[in-house]
Amino acid sequence: MSDAPSPPESAPDASDARPQGPATAVVTGASGGIGLEIARALARHGFELHLVSRGSARGSAARDAVAAEARDGARVHFHPADLASLADVRRVAGDLADAAPTLDLLVNNAGAYVHERSLTEDGFERTFALNHLSPFLLTHLLHGPLAAAAAPRVVTTSSSAERSGPIDLERAAYGVPYNALRAYGWSKQANVHFARELARRAPHPALRSYSFHPGFVNTNFGSGAGLLSGLVALAQRAFGRTPEQGAATGVWAATQSPAPDPNGAFLVDEAVKTPSAAARDEAVTTALWERSEAWVGLREEERWPRREGAA
Ligand SMILES: NC(=O)c1ccc[n+]([C@@H]2O[C@H](COP(=O)([O-])OP(=O)(O)OC[C@H]3O[C@@H](n4cnc5c(N)ncnc54)[C@H](OP(=O)(O)O)[C@@H]3O)[C@@H](O)[C@H]2O)c1
């Protein structure tokens, strides 16, 4: 695996250049599981890190654990935020933009499986709000810091659960009728649509965007009451990858030089993989993007048009 903050050996084109000198990354959902292991690995690469999760002792403990592994004393910061709240996404994005005016890497990893239908304060189904609308809005709001970097990357944690068939956008957004497995699968397919479309629309032409499947990983994911949760937890313990193994493809997407091709790709086991036909449906990709702009209340100046000739 390459060492992202080190100077490249030869002079690559701008889209493949990794930062020279210290690089800065934001990782959401880094208080445990896959996100914590991504953050640890990035700390060993020398990234200055901004970790985002809900305000809890877990977040501060994660910051200290990651800082203990930081190369060359790179700094690690914790920013508490409830990413299921659009207002809190806007608030923390402002804090992050102030703290990291140049941002080389954004890892959109926070996510959840929500057993019972639940609406956020904004009126959206919680899985869709946290797993899709939050990274969609956060990425837009951090476009200034990302655009200030020479070769920015955005890596979004998806899942093989993206193979859940064509998304019904209104049902996904509001969860009526609710089916937890489908809601989760559609939110993870939304990550694949988002990563690909971001590669086309981001105002910075050198920006690289990927989604990835971490595998079936032994984390707190899906924990809760009920028989299904108990069975999943047992299966995770028996058959799951370690969180470090689950983080590997995300770290690869973030640090590999040259950057994986094509821009916008879905990655599994450190390789490009073709996602489901539903995730490749261009009409859905466009509709999801445009509906999401409205759902998160993007202002006119925050919108990105599709670039001709992009991936
Ligand atoms: N585990 C698997 O087998 C698997 C497979 C495929 C994909 N994934 C994906 O991997 C990603 C990470 O999952 P994981 O397995 O590492 O699960 P995890 O151990 O439950 O970690 C989830 C992370 O997201 C944060 N988070 C949850 N709700 C949040 C909220 N409202 N606001 C801010 N942060 C929030 C959690 O922090 P706090 O609770 O401290 O806020 C935690 O840091 C998710 O996107 C998931 O869809 C997991």
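The values are calculated or read from the model by the stated rules, or taken from the named source; none is laboratory data. Keep in mind that this is a model prediction, so the values were computed, not measured. With ideal geometry, Cβ positions are generated from the backbone for all residues, glycine too; neighbour counts draw on all protein chains shown.
What the table shows:
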{"item": "Subset of the stretch 271-311 (residues that are in contact with a helix residue (DSSP H, G or I) (Cβ under 9 Å, 6 or more places away or on another chain), over 20 Å from Arg163 (Cβ atoms) and either of a type in the set (Ser, Thr, Tyr) or in a loop (DSSP other than H, G, I, E, B) (or both))", "result": "Thr286, Ser292, Val296, Gly297, Leu298, Arg303, Trp304, Pro305, Arg306, Arg307, Ala310, Ala311"}
{"item": "So Ala74, is it buried (at least 16 other Cβ atoms within 10 Å of the Cβ), under 27 Å from Ala202 (Cβ atoms) and either away from the ligand (no atom under 15 Å from the Cβ) or touching a residue at least 24 places away in the same chain (Cβ under 8 Å) (or both)", "result": "yes"}
{"item": "Meets criteria (in contact with a strand residue (DSSP E or B) (Cβ under 9 Å, 6 or more places away or on another chain), at pLDDT 95 or above, buried (at least 17 other Cβ atoms within 10 Å of the Cβ) and part of a strand (DSSP E or B)) for Val92", "result": "no"}
{"item": "Every pair of residues 6+ apart whose Cβ atoms lie under 7 Å, when the first sits in the stretch 210-230 and is over 25 Å from Ala259 (Cα atoms) and without any contact (Cβ under 8 Å) to a residue 24 or more places away in the chain while the second is more than 10 Å from the ligand (Cβ to nearest atom) and not in a loop (DSSP other than H, G, I, E, B)", "result": "Ser223/Ser229; Ser223/Ala233"}
{"item": "Single residue of the stretch 168-185 satisfying the filter (touching a Leu at 6+ places or on another chain (Cβ under 9 Å) and not hydrophobic (A, V, I, L, M, F, W, C)) that is farthest from the ligand (Cβ to nearest atom)", "result": "Tyr174"}
{"item": "Looking only at the stretch 196-242, and only at residues there that are small (Gly, Ala, Ser), touching a helix residue (DSSP H, G or I) at 6+ places or on another chain (Cβ under 9 Å) and not in a loop (DSSP other than H, G, I, E, B), the one that is surrounded by the fewest Cβ atoms within 10 Å (Cβ to Cβ)", "result": "Ser209"}
